[in-house]
Amino acid sequence: MDNPREVEMETVSCPEGLEVVWEKPETLTGNRMHYCPGCGHGVVHKLLMEVLKEMDIQDKTIGVAPVGCSVFAYNYMNIDMQEAAHGRAAAVATGVRRMLPDKFVFSYQGDGDLAAIGTAETIHAANRGENFLVVFINNGIYGMTGGQMAPTTLVGMKTSTTPGGRDVETSGFPFNISRLIAMLPGAYYVTRQSVHTPGAVRKTKKAIRKAFEHQRDRKGYCLIEVVSNCPSGWKMTPVVSNQWMEENMFPSYPLGDLKTDGVLQPLKGN
Amino acid sequence: MNRKNATPTEKPDIRLMKGNEALAEAAIRAGCQGYFGYPITPQSEVLEYLTEEGRKRGMVVMQVESELAAINMVYGGAGAGARVMTSSSSPGISLMQEGISYIACAEIPCLVVNVNRGGPGLGTIQPAQGDYFQATKGGGHGDYHPIVLAPASVQEMADMVYLGFDLADKYRNPTLILADGALGQMMEKVEFPEYNPADHIPEKPWATTGKPKDRERNILTSLHIQPEKMEEVNRRLQKKYETICANEVRYQLVHADDAEILVVAFGLAARISHKAVEMARAQGIRVALMRPITLYPYPYDVLRRMKSTLKGALVVEMNAGQMIEDVRLGVEGAVPVKYFGRMGGIIPTPEEVLEEIRRMSGDGHGAGDGHHHAMHDQILEERN
Ligand SMILES: Cc1ncc(C[n+]2csc(CCOP(=O)(O)OP(=O)(O)O)c2C)c(N)n1
Ligand code: SF4
């Protein structure tokens, strides 16, 4: 295995008198994830793989991993996967989907990958109405490279490259790329979710399922933004990071559907 | 997968075509299933021809937002097991270098075509060979080589598509066709051979087509974070390049038997040089032509074999002198190696080349060594 921290997780059998409420689906490899404690990446991986299992499309799905903290997604997702260059996941996914039109394809990308270096590929894939799902983890920071500013970093938010807080004059505004994408005719379903509470997790899973059903029905491009935390990059405990996210990220990135069934939804927040 | 276009072709036929069109037609006949590209002179006819003809015959053909996107779509599509290609010209090929590096490391077979124009920068749309270094020495980051084929006629623009795809599949490596703008634009007779893609395209068990229950998941990646693993991957790649060098060198040799002077040139420059060599022969000068057909792997061996009987070598290029370095490596300092070339999209004439050959045969050393390569000579001498 490539990742030095990768270890197989132990499987335990259910002790007598207890009931199994969750079992690892075969779509997850069982490798112990390298994500920091409390990080949203792992939860979203799990939801994605549960949906593939429930729809029984493990053998028909190809994933595209980004460059970012989730670069090793293929160590955890037990499906065929391609690792793309930084920002190019939407182009790679386009290549896969166009050559395998009857399969399911998704890309999984962070905010730097999707909304900075890969903006052109992201927008044009959406605009062509590429029939795949993009899962977009917006944690407002570059996790993998050690906490630099992302295009989605909030105004005033401190990162290693905005030590005094992001100021608009130097660095421009937080990039609400999902809203931009929702306006494109090629986008069919655009939603913004989170995974910081059990209720939010359930909603995100529903959204993922819906997006794969749209793909099955060839409806076109779907984008699920998950506003997520980065306890390490934000320098907060997992619990505090979730509170901070609710208070600070959600006003700028309000949760909910931005576009459903090809119809733009009324704007929320700013 | 769509293999509609992968049926055996009818009788080989002969047509008068532009180089770019011949290349595109050959791609369809070679069973190419996907093309992703972005317009740039002097190769846009490839995209245009495939949009028209390729789509009609079942190909996925897309004009996309940039060469960056195009090469990464090639990564995805070829990684999914399809026969896929892209084409561009110099500035676009520069944009693709990151992607080609990833493709080489993930060992994804595909075809990239560079119809070389004059550079650096935006340069000129006229033909040139200034991308030789970029093509043969890697181009992007890291230790890798695409296989590089250099056509010298419209016929070869077609032939090298089949060969390029087959070599790519054989070695799970990108193949690059390095043609110059003139070859793309000129019209010549071309004959399309009998070629049944089904007989040529191997099984691709490594491709990401969806993981069935009974096999491990397939992962295409160039990331190997542990240094030991990365070194192992590099060793494997280097071993593959050694095999390619041992098995796939191709070149053309003309009038070699009694030659004292060897002209070395590729592509269009080789055609011009060929003419000059014939003119020189008519004047009694004992001169030969060596035309590398593969630029990587390079035909060093033929140079090594010939060096003891030569008085000198003349390298004719449409650049500032790039391949001359490989010729110097080949003759190992045994004979003087001289450069003659034109830049900026200007094509040397046979008369100019003849003049250089005559000068070289006159004084035995040629008209002085390529000044900008003096340093290189010293290094070679030290090694010897
Ligand atoms: C061409 C290129 N430039 C820069 C990098 C370095 N790099 C790796 S990941 C990354 C940012 C990742 O941030 P994000 O996409 O937000 O994902 P996260 O790590 O936060 O999940 C950068 C800049 C790279 N790998 N390739
Ligand atoms: S650095 Fe941030 S995004 Fe990356 S694993 Fe840690 S918490 Fe998650």
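When you scan the stretch A:144-161, how many residues do you find that are of a type in the set (A, V, I, L, M, F, W, C) and away from ligand 2 (no atom under 11 Å from the Cβ)? Can you show your working first?
Kept after step one, since they are of a type in the set (A, V, I, L, M, F, W, C), are these residues of the stretch A:144-161: A:144, A:149-150, A:154-155, A:157.
When the remaining residues are screened for being away from ligand 2 (no atom under 11 Å from the Cβ), the result is A:149, A:154-155, A:157.
Number of matching residues: 4.
If we scan the stretch B:327-334, do we find a residue that is of a type outside the set (S, T, N, Q), touching a residue at least 60 places away in the same chain (Cβ under 8 Å) and either touching a helix residue (DSSP H, G or I) at 6+ places or on another chain (Cβ under 7 Å) or farther than 16 Å from B:Ala270 by Cβ (or both)? Outline the logic, then answer.
First, the residues of the stretch B:327-334 that are of a type outside the set (S, T, N, Q): B:327-334.
Still in the running and touching a residue at least 60 places away in the same chain (Cβ under 8 Å): B:327.
Among the residues that remain, those that are also either touching a helix residue (DSSP H, G or I) at 6+ places or on another chain (Cβ under 7 Å) or farther than 16 Å from B:Ala270 by Cβ (or both) are: B:327.
So far as the stretch B:327-334 goes, yes, one or more of its residues are of a type outside the set (S, T, N, Q), touching a residue at least 60 places away in the same chain (Cβ under 8 Å) and either touching a helix residue (DSSP H, G or I) at 6+ places or on another chain (Cβ under 7 Å) or farther than 16 Å from B:Ala270 by Cβ (or both).
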(message) The conditions are (1) in a helix (DSSP H, G or I); (2) out of contact with any strand residue (DSSP E or B) (no Cβ under 9 Å at 6 or more places or on another chain), and B:Ala24 fails exactly one of them. Which is it?
(response) (2)
(request) Show the residue pairs that are 6+ apart or on different chains and have beta-carbon atoms under 7 Å apart, the first residue being within the stretch B:264-286 and more than 14 Å from B:Glu356 (Cα to Cα) and assigned by TED's automatic domain parsing to the domain that holds B:Gly362, the second being at pLDDT below 95 and crowded, with 24+ Cβ neighbours inside 10 Å. (result) B:Gly267/B:Asp180; B:Leu268/B:Pro127; B:Leu268/B:Asp180
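So which helices (runs of 4 or more DSSP H) stay within the stretch A:13-120 end to end and still have 1 or more residues that are within 14 Å of ligand 2 (Cβ to nearest atom)?
Details: elements: A:40-55, A:73-76, A:89-99.
Of the helices (runs of 4 or more DSSP H) lying wholly inside the stretch A:13-120, those with at least 1 residues that are within 14 Å of ligand 2 (Cβ to nearest atom) span A:40-55, A:73-76.
Say whether the condition of being more than 7 Å from chain A (Cβ to nearest Cβ) and not in a helix (DSSP H, G or I) is met by at least one residue in the stretch B:94-107. Give the derivation first.
Taking the stretch B:94-107 and keeping what is more than 7 Å from chain A (Cβ to nearest Cβ), we get B:94-97, B:100-101, B:103-107.
In the following step, the residues that additionally are not in a helix (DSSP H, G or I) were identified as B:107.
Scanning the stretch B:94-107 turns up at least one residue that is more than 7 Å from chain A (Cβ to nearest Cβ) and not in a helix (DSSP H, G or I).
Yes or no, residue by residue, for (1) exposed (fewer than 15 other Cβ atoms within 10 Å of the Cβ); (2) more than 14 Å from every other protein chain (Cβ to nearest Cβ); (3) of a type in the set (D, E, K, R); (4) touching a residue at least 12 places away in the same chain (Cβ under 8 Å):
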| position | (1), (2), (3), (4) |
| --- | --- |
| B:Asp169 | no, yes, yes, yes |
| B:Ala179 | no, yes, no, yes |
| B:Met186 | no, yes, no, yes |
| B:Asn196 | yes, yes, no, yes |
| B:Asp199 | yes, yes, yes, no |
| B:Pro202 | yes, yes, no, yes |
| B:Thr209 | no, no, no, yes |
| B:Asp214 | yes, no, yes, no |
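Look at B:Ala70 and say whether it is closer than 16 Å to A:Ala85 by Cβ, touching a residue at least 12 places away in the same chain (Cβ under 8 Å) and crowded, with 24+ Cβ neighbours inside 10 Å. Break it down into steps so the answer makes sense when it comes.
Working: closer than 16 Å to A:Ala85 by Cβ: yes; touching a residue at least 12 places away in the same chain (Cβ under 8 Å): yes; crowded, with 24+ Cβ neighbours inside 10 Å: yes.
Yes, satisfied.
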(request) Any residue in the stretch B:43-61 that's of a type in the set (Lys, Arg): show its pairings with residues that are part of a helix (DSSP H, G or I) at Cβ separation under 8 Å, as long as the two are six or more apart or on different chains. (result) B:Arg57/B:Lys4; B:Arg57/B:Asn5; B:Arg57/B:Ile28
(message) Go through (1) part of a helix (DSSP H, G or I); (2) over 24 Å from A:Lys103 (Cβ atoms); (3) of a type in the set (Asp, Glu) for A:Asp257 and report which single condition fails.
(response) (1)
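Taking the conditions exactly as written (assigned to a loop (DSSP other than H, G, I, E, B) and more than 12 Å from chain B (Cβ to nearest Cβ)), does A:Glu10 satisfy them or not?
Numbers: assigned to a loop (DSSP other than H, G, I, E, B): yes; more than 12 Å from chain B (Cβ to nearest Cβ): yes.
For A:Glu10, the condition - assigned to a loop (DSSP other than H, G, I, E, B) and more than 12 Å from chain B (Cβ to nearest Cβ) - is met.
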(request) Could you figure out which of (1) more than 9 Å from chain A (Cβ to nearest Cβ); (2) in a helix (DSSP H, G or I); (3) not hydrophobic (A, V, I, L, M, F, W, C) isn't true of B:Gly77? (result) (1)
(message) List the residue pairs whose Cβ atoms are under 7 Å apart, where the first residue sits in the stretch A:124-137 and is more than 13 Å from every other protein chain (Cβ to nearest Cβ), the second is surrounded by fewer than 24 Cβ atoms within 10 Å (Cβ to Cβ) and part of a helix (DSSP H, G or I), and the two are 6 or more positions apart or on different chains.
(response) A:Leu133/A:Phe212
(message) Between a residue in the stretch B:86-99 that is closer than 20 Å to B:Leu223 by Cβ and any residue that is in a loop (DSSP other than H, G, I, E, B) and hydrophobic (A, V, I, L, M, F, W, C), which pairs come within a Cβ distance under 7 Å, given they are 6 or more apart or on different chains?
(response) B:Glu98/A:Ala85; B:Gly99/A:Ala85
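Look through A:Ser107, A:Ser171, A:Ser160 and report the one residue that is within 16 Å of ligand 1 (Cβ to nearest atom), among the polar types (S, T, N, Q) and under 18 Å from B:Leu223 (Cβ atoms).
On the way: A:Ser171 fails: under 18 Å from B:Leu223 (Cβ atoms); A:Ser160 fails: under 18 Å from B:Leu223 (Cβ atoms).
Among A:Ser107, A:Ser171, A:Ser160, only A:Ser107 is within 16 Å of ligand 1 (Cβ to nearest atom), among the polar types (S, T, N, Q) and under 18 Å from B:Leu223 (Cβ atoms).
So, in the stretch B:190-219, exactly how many residues are outside any loop (DSSP other than H, G, I, E, B) and modelled with pLDDT under 95?
So the first thing to find is which residues in the stretch B:190-219 are outside any loop (DSSP other than H, G, I, E, B), and the list is B:190-191, B:197-200, B:219.
Checking the rest, the ones that are also modelled with pLDDT under 95 come to none.
Counting residues in the stretch B:190-219 that are outside any loop (DSSP other than H, G, I, E, B) and modelled with pLDDT under 95 gives 0.
The values are calculated or read from the model by the stated rules, or taken from the named source; none is laboratory data. Not measured: the values here are computed from a predicted model. Ideal geometry is used to build each Cβ from the backbone, glycine not excepted, and the neighbour counts take in all protein chains shown.
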